[in-house]
Amino acid sequence: MRNGLKVLLLAGSGGACLLAASAVQAQDAASDQTTMSEIVVTAQKKSERLLDVPVSVAAVTGDTLVRQNLVQLRDFYNRVPGISLTGGGTEQRASNVAIRGVTTGGGTAATVAFVVDDVPLTSGAASAQSPLVDIDPSDLQRIEVLRGPQGTLYGASSLGGLVKYVTTSPNTEEFSGRVEIGGNNIAGGGQGYSLRGAVNVPVVKDKLALRVSAFDRRDPAYLDNINATAQGVDVNKNRVKGGRAVVLFKPTETFSIDASAVRQRAKFFGSPSIRVCPSCGTGAFTGPVDFTPYFGDLTLNIAPTKRDVSLDLYQARANVDLGFADLTAISAWNKVRSKSDLDQTNAFRFLLSPFSAAGGSVSLINADRTKKFSQEIRLASKSDGPLEWLVGGFYTDEKISVDQTLIVHSAGGGGATTAYNSVGPASLKEKAIFADATYHFTPKFDLQVGARYSSNDQDGRSTTTIAKPAERFFGPTSSVDQSKSSDDAITWLFTPSYKISPDTMAYLRVATGYRPGGPNSAGIGSVPLSFGSDTVTSYEVGLKGVVPNLRFTYEAALFQIDWDDIQLLTTDTLSQLTYYTNGSTARSRGAEFSGRWSPVRGFVFEGAMTYLDAKLTDGLRPPAGASPIYGAKGDRLPGSAKISGSLSADYDWSVGGGFSGFVGASLAYVGSRYGDFANILPTATANEAYGPRVKLPSYTTVDLRAGVRNEDWTLVAYLKNVGDKRGVLEANTRGGTSPPTAVFLQPRTVGVSVSRSF
């Protein structure tokens, strides 16, 4: 991995995104009687009331996401205050997501784990650079967001928390189905559509059932491109389609098994990242980055750009009632692939002259693939006594491939030359055992403790081929022998809780998490053979409950997370190799509050607010001989808005004839945030960088919705971003080395959908 690869990784991974802060219970407007005491989640690998879970959890239903056309993380992150996306641009990675401020940005491994029904999607290896797979909500029961480290039950790479997709299970008792068609239009842009369908068939009543679902979605485009090689209007076309099939077999009352297959394909054209700041890159520019579009509103100037992301997930789950305990075994295999062809002329313009391609372009092709087999077996007690326990084991085997190619294109389509090619296969094997126990000392007082021991073995190698004209930038062609590392960790949790009343609980949670270390390029220059794991310790005090007389539910938490031995990506100045190292400390502290009030039948008001103070407690310390990363004690962590919040109001009423009407509005506010830490700082005498560290401005957005429905039909109309605001979601200068780009809120969008249930 050469000097240039650091920039490539930054181009592909950007910074980080924060998924932090307040508990939001997103329920249908019609369900105004639903309270926290009735919401059931599986955050602790068992079904329990949200009210009884001594951890901060947000639950967003699949119906809510579909009805409001919230189909990507970018669409609904501001509904859960504290979430932000920074630096990912065209290539969204799992490392672009963080919870409660736990991120330093850059090309490091993810700090948030993503799972589908307890099956891990993200890799624990930094080299994998796991893509962020936005699973369409067509067959999701809900999405659960667990805040704070989840290392005991879910293992590695959940430093900040976990995002869990919970799918809909087959029903062995009755036939049912649903079909939906929708369309939408963006102000000044194009049109999109969505088709979704699902059917549940009880093949043998109470014994065997089949559920099949499918969807096809094209998101409306709205960006124009003035580049001569890819000129056009509404070029950022996105197409996503896929399906799921699951079979549930219950031969006896004590045994069941289900097997499922999920396939999803996404094709993205163009890029959401727009070049901004016309004054950047002019002379000795040292001022702040401004977000005026460089080429005009919603306008790109890039060569052809595209990205394909695919997910194949197959799993089987067996459940056996042993009388004294439930035995669960989950076997899964998944493959996640991402291939992108990105215009990176702004970042690598220096290659045009050596290849006699003045006026041409430079494209970056990223091709990565992770194949993962995982197995989990756990045993959960069923006793009515004071002790509840859970024990289990986990194993995963990952095969990783990360390939990168830089291609220089001559002007006018006169030819293309490969300047840089890197092939980097790697593997990871992890084994773990875990245990969790809750003792009910009294009907009101519980104590939960848990621990997990994990060990992993990793290896990797790389072959880099450099064209002669590019050797002065990236060095000569080379091959790095196999490098290996081994790592282990113990994570734990300690959680006393007290029931003030049957529907009000206070808790204290102390928990730890870790992110695995891994191998570097072996035996080259001063590069260390491996880097270590980093760890967090979280302290959280929470209160959640129901006030029946006021029809009000609430959840509040105060937290602090201490982060040690932070993993950093840097470059050895002697060998020009990119590698990982450990250095510095940080902490994130804050307060979260959310509430839901239904003053009269049909009216529901929801609100949430987060205060987050996430910053370095020591300056970033790349080792001697490495390129600098500028981060001083007290600097805020990337993407962490100090204040964020949301408000919503919904009203549902009967219109007669078996129909009901509903209207609603949502407001979201995201405070100012900082982008990634800089690798180069501007000076007053030379334009060595494109401005200092980027500061993203705050923004507010409003959405509206309305519709009618009966038992069979639902008609929904929505208006997103009513004010047509250009809120900045992400921004990136690749550490100050490239002209700044930004991703803005999707312009005002109007849409309608109609669905039929049967």
Taking region 418-477 and keeping only residues that are part of a strand (DSSP E or B), free of Cβ contacts under 8 Å to residues at least 60 places away in the same chain, among the hydrophobic types (A, V, I, L, M, F, W, C) and under 30 Å from residue 44 (Cα atoms), one is left with 433, 435, 437, 445, 447, 449
Could you go through region 337-359 and let me know if any residue there is open to solvent by 60 Å² or more (accessible area, probe 1.4 Å), touching a Phe, Trp or Tyr at 6+ places or on another chain (Cβ under 8 Å) and farther than 30 Å from residue 454 by Cα. yes
Just need a number here: residues in region 362-397 that are assigned to a loop (DSSP other than H, G, I, E, B) and in contact with a helix residue (DSSP H, G or I) (Cβ under 9 Å, 6 or more places away or on another chain). 0
Conditions (1) assigned to a loop (DSSP other than H, G, I, E, B); (2) within 30 Å of residue 456 (Cβ to Cβ); (3) acidic (Asp, Glu): number failed by residue 174: (2)
Answer residue from region 140-167, given it is open to solvent by 10 Å² or more (accessible area, probe 1.4 Å) and more than 30 Å from residue 211 (Cα to Cα) and is modelled with the lowest pLDDT among those: 156
Criterion (part of a strand (DSSP E or B), closer than 30 Å to residue 733 by Cα and either without any contact (Cβ under 8 Å) to a residue 60 or more places away in the chain or open to solvent by 20 Å² or more (accessible area, probe 1.4 Å) (or both)) met by exactly one of 239, 244, 211: 239
Considering region 710-725 alone, what residues qualify as being of a type outside the set (Gly, Ala, Ser) and either under 20 Å from the mean Cα position of the chain (by Cα) or surrounded by fewer than 18 Cβ atoms within 10 Å (Cβ to Cβ) (or both)? 710, 711, 712, 713, 715, 719, 722, 724, 725
Among the residues of region 219-232 satisfying the criterion of being in a loop (DSSP other than H, G, I, E, B), open to solvent by 20 Å² or more (accessible area, probe 1.4 Å) and touching a residue at least 40 places away in the same chain (Cβ under 8 Å), which is farthest from residue 359 (Cα to Cα)? 222
Looking only at residues in region 688-701 that are open to solvent by 50 Å² or more (accessible area, probe 1.4 Å) and either farther than 30 Å from residue 76 by Cα or in a strand (DSSP E or B) (or both), which one is modelled with the lowest pLDDT? 688
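Being in a strand (DSSP E or B) and open to solvent by 10 Å² or more (accessible area, probe 1.4 Å) is the filter here, so list the residues in region 732-754 that pass it. Can you show your working first?
Initially, region 732-754 is screened for residues in a strand (DSSP E or B), giving 732, 741-744, 749-754.
Passing the criteria: 732, 741, 744, 750, 752, 753, 754.
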For region 49-69, what are the residues that are open to solvent by less than 30 Å² (accessible area, probe 1.4 Å) and without any contact (Cβ under 8 Å) to a residue 60 or more places away in the chain? 53, 64
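Per-residue answers, yes or no, for (1) part of a helix (DSSP H, G or I); (2) modelled with pLDDT of 80 or more:
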| site | (1), (2) |
| --- | --- |
| 64 | yes, yes |
| 78 | yes, no |
| 100 | no, yes |
| 122 | no, yes |
Region 586-625, residues that are in contact with a Phe, Trp or Tyr (Cβ under 8 Å, 6 or more places away or on another chain) and of a type in the set (A, V, I, L, M): 586, 591, 604, 608, 609, 620
Checking residue 204 against (1) open to solvent by 20 Å² or more (accessible area, probe 1.4 Å); (2) in contact with a strand residue (DSSP E or B) (Cβ under 8 Å, 6 or more places away or on another chain); (3) among the hydrophobic types (A, V, I, L, M, F, W, C), the condition it does not meet: (2)
Identify, please: which residue in region 441-470 is out of contact with any Ser or Thr (no Cβ under 8 Å at 6 or more places or on another chain) and under 30 Å from residue 500 (Cα atoms) and is, among those, surrounded by the most Cβ atoms within 10 Å (Cβ to Cβ)? 444
Tell me, yes or no, whether region 251-260 has at least one residue that is within 28 Å of the chain's Cα centre (by Cα), farther than 30 Å from residue 382 by Cβ, modelled with pLDDT of 90 or more and surrounded by fewer than 19 Cβ atoms within 10 Å (Cβ to Cβ). no
Candidate set: region 612-631, residues that are hydrophobic (A, V, I, L, M, F, W, C) and crowded, with 18+ Cβ neighbours inside 10 Å; chosen: the one farthest from residue 734 (Cα to Cα): 612
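The values are calculated or read from the model by the stated rules, or taken from the named source; none is laboratory data. Quick caveat: nothing in here was measured; it's all calculated off a predicted structure. Backbone-built Cβ (ideal geometry, glycine too); neighbour counts: all protein chains shown. For accessibility, only protein heavy atoms count, side chains too; no ligands or nucleic acids. Shrake-Rupley method; radii C 1.70, N 1.55, O 1.52, S 1.80 Å.
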